[in-house]
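No value in this document is a laboratory result; all are computed from the given coordinates. The model shown is predicted, which means the values in this text are computed figures rather than measured ones. Note: ideal-geometry Cβ built from the backbone for every residue, glycine included; neighbour counts use all protein chains shown.
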């Protein structure tokens, strides 16, 4: 089902807010658990928040375009989100030598939360 532009915008705001809250919670728990290596910039609060907002915002733009130009936007969005999520994990492999496995697991969850949030929200909104 195609969503109205207003419904995409409303859902998009929720996606960004929930993804940001989820990632800040993951970061907080990781910090409390001692899983954030000292001086590892990608797990600092600012980069976590900024990357989450940009990534989730990008997902909203992609859904908006798919909603406008394809017949099955939710299905197509899910496929795109899976590909982008998997591609976002590639740089983590390159960081494996720099940080411990615990930090890599935290980074994995920081990538997964916005992907899961956006797919779930837009799938529910379009059903």
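Shape analysis of the range 5-126 yields a ratio of the Cα radius of gyration to the Kirkwood radius, Rg/Rh, of 1.01. For the Cα atoms of the chain, what angle does the longest principal axis make with the long axis of helix 5-32, in degrees from 0 to 90, nearest 10? So the helix axis and the longest Cα principal axis differ by about 10 degrees. What angle, in degrees between 0 and 90 and rounded to the nearest 10, separates the Cα long axis of helix 73-94 from the longest principal axis of the Cα atoms of the chain? Once rounded, the angle reads 20 degrees. Projecting label points 7 angstrom from Cα along Cα→Cβ for residue 10 and residue 68 puts them 2.0 nm apart. Pop a pseudo-label 7 angstrom from the Cα along the beta-carbon direction at both residue 105 and residue 40 and give the gap in nm to one decimal. Spacing of the two 7 Å Cα→Cβ label points: 1.2 nm.
Angle between the Cα long axis of helix 45-69 and the longest principal axis of the chain, 0 to 90 degrees, nearest 10? On a 0 to 90 degree scale, this one is about 20. For residue 123 and residue 24, the difference between the fully extended length at 0.36 nm per residue and the C-alpha to C-alpha distance is 33.3 nm. Per the Cα gyration tensor, the range 66-117 maps to an equivalent ellipsoid with semi-axes of 29, 10, 6 Å, ordered largest to smallest.
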